[in-house]
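J.: Quick one: this structure, given as structure tokens, is what I'll be asking you about.
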Amino acid sequence: MTELTQDFTQSLFENYNSNAKFGAVENAVAKNGLLNALENRTSHAANLPVFSVDLTNDPVSNQKQSGRCWMFAALNTFRHKMLTEFKLENFELSQAYTFFWDKYEKSNWFLEQIIGTSELELGDRKLKFLLDVPQQDGGQWDMVVALFQKYGVVPKDVYPESISSSASNQLDQYLNKILRQDAQILRELIKNGGDVAAKKAELLQEIFNYLAMTLGLPPQKFDFAYRDKDNNFNKVEGVTPQAFYDKFVNLNLDEYVSVINAPTADKPYNKSYTVEFLGNVIGARDVRHLNVDMDRFKKLAIAQMQAGETVWFGCDVGQESNRTDGLLTMDAYDFSAMDIDFTQDKASRLDYSESLMTHAMVLTGVDLDDAGQSVKWKVENSWGDKVGKKGYFTASDAWMDEYTYQIVVRKEFLSEAELAAYEAEPVTLLPWDPMGALA
């Protein structure tokens, strides 16, 4: 091992002071902050928010201080459909309702994984993976599908936001505290030959009570009345959340598939993948991804938007992101002023833990050139209307290539070979694989 000597460090001082540019950058960064000082103004002009395919300008939603973007993105795609078909205004589906059932199902999922790994020693890496984060706010497309198919949806007015849904840190902290304690109880009970099923039922009652008192008891039936844009009055009475989904959303979610772009050596294209320990609803379909090259990935997204339907997608939103102005571009900031050049490609960033999917949003538009190639993309976020352009972002095509990892499209847009690959027995990835990241 090599020690950092005083002579070596002194040479670094001298090299730094010999470059006058560094002093100027130092002053700018100290005064304005790193990204404000390095912002590249030319990226604005190259990514004006005008698109040849533009599906919606609806007001955006706001997930606030919670990690529910995957739910918001899915519910926003439903909302786009409902606003058009039923001529609704200022309407949202309840994200808090889906949140409640996700917490409930994730708790059961965790307890089942603890029971299934009871033979593992406490130092085992897979058991540690489970115990490190028993549950969290994030999720995947197939996980939110499982919730919709089992519990339906309700209007936001029927089950509104609470402090704990809008700012979930305390909810999560104490739910995880309960779950880790429950893990110890179940592991010790299994070791001593106790009645695991009865104890688990008792633990789930405690968890249900905690969630109901924290988020509110979710409705089992409700009335829904509205006036449409033509001032026509409509009302349904005593409807269940599942029946509401069937009437007002009416999408067969089994017809949608997750498509990823992961150009790493361990994930050949045109194969399907799943991830160990990734899920929420026991008995629901597994999380499954079809891996394709980026050119095909973008063509699938474009095809669905050209057919008039927005696209749920997952990306690494914090990379090269100007959230104030709503820009996702590879030239958002100019680090050459610091003589720093970031040279890792997409595969290397995944392999070396520099990037993974961190956020889900909705593609609501794309700008195509005369040859039909994408130039830039319109993105509906769920951070409220005070960021970006009233909540919308513009992503350059180059940024999409580098930092977008997942889209959800209808099966009808896949080729026969792609659909067969998706439906084939998937390769199971390790729990900590970056394609198992939760948005």
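J.: Count, please, the residues in region 318-338 that happen to be open to solvent by 10 Å² or more (accessible area, probe 1.4 Å), touching a residue at least 60 places away in the same chain (Cβ under 8 Å) and part of a loop (DSSP other than H, G, I, E, B).
T.: So the answer is 8.
J.: Here is a follow-up. Out of the residues in region 339-355 that are surrounded by fewer than 19 Cβ atoms within 10 Å (Cβ to Cβ) and hydrophobic (A, V, I, L, M, F, W, C), which is farthest from Gly308 (Cα to Cα)?
T.: The residue in question is Ile340.
J.: Taking the residues in region 152-190 that are polar (S, T, N, Q) and in contact (Cβ under 8 Å) with a residue 12 or more places away in the chain as candidates, determine which candidate is surrounded by the fewest Cβ atoms within 10 Å (Cβ to Cβ).
T.: Across region 152-190, the extreme among qualifying residues is Asn169.
J.: Run down Leu127, Leu93 and say which single residue is out of contact with any Asp or Glu (no Cβ under 6 Å at 6 or more places or on another chain), more than 16 Å from Gly279 (Cβ to Cβ) and surrounded by 23 or more Cβ atoms within 10 Å (Cβ to Cβ).
T.: Only one candidate qualifies: Leu93.
J.: Then there is this: Restricting attention to region 215-236, does a residue exist that is of a type in the set (Val, Ile, Thr) and touching a residue at least 40 places away in the same chain (Cβ under 8 Å)?
T.: No, that holds for no residue.
J.: Say whether the condition of being within 22 Å of Ser415 (Cβ to Cβ), open to solvent by 20 Å² or more (accessible area, probe 1.4 Å) and in contact (Cβ under 8 Å) with a residue 12 or more places away in the chain is met by at least one residue in region 362-369.
T.: yes
J.: Name the residue that is farthest from Glu309 (Cα to Cα), counting only residues in region 246-264 that are in contact (Cβ under 8 Å) with a residue 24 or more places away in the chain and assigned to a loop (DSSP other than H, G, I, E, B).
T.: The selected residue is Thr264.
J.: Also: Considering region 385-439 alone, what residues qualify as being part of a loop (DSSP other than H, G, I, E, B), of a type in the set (A, V, I, L, M, F, W, C) and surrounded by fewer than 19 Cβ atoms within 10 Å (Cβ to Cβ)?
T.: Val387, Ala424, Leu430, Trp432
J.: If you don't mind, there's one more thing I want to ask. Applying the selection to region 391-439, what residues are at pLDDT 95 or above, touching a His at 6+ places or on another chain (Cβ under 8 Å) and among the hydrophobic types (A, V, I, L, M, F, W, C)?
T.: Within region 391-439, Met435 is the sole residue that qualifies.
J.: So the check is Cβ under 6 Å with 6+ separation or different chains; which pairs have a first residue in region 295-313 that's assigned to a loop (DSSP other than H, G, I, E, B) and a second one that's open to solvent by 50 Å² or more (accessible area, probe 1.4 Å)?
T.: Taking only residues 6 or more apart or on different chains, the pairs are Thr310/Leu55.
The values are calculated or read from the model by the stated rules, or taken from the named source; none is laboratory data. Here the structure is a predicted model, which means the values were calculated and not measured. No Cβ is skipped: glycine too gets one built from the backbone with ideal geometry, and neighbour counts run over all protein chains shown. Each accessible area value is taken on the protein alone, full model and side chains, heavy atoms only, with ligands, DNA and RNA left out. Shrake-Rupley method; radii C 1.70, N 1.55, O 1.52, S 1.80 Å.
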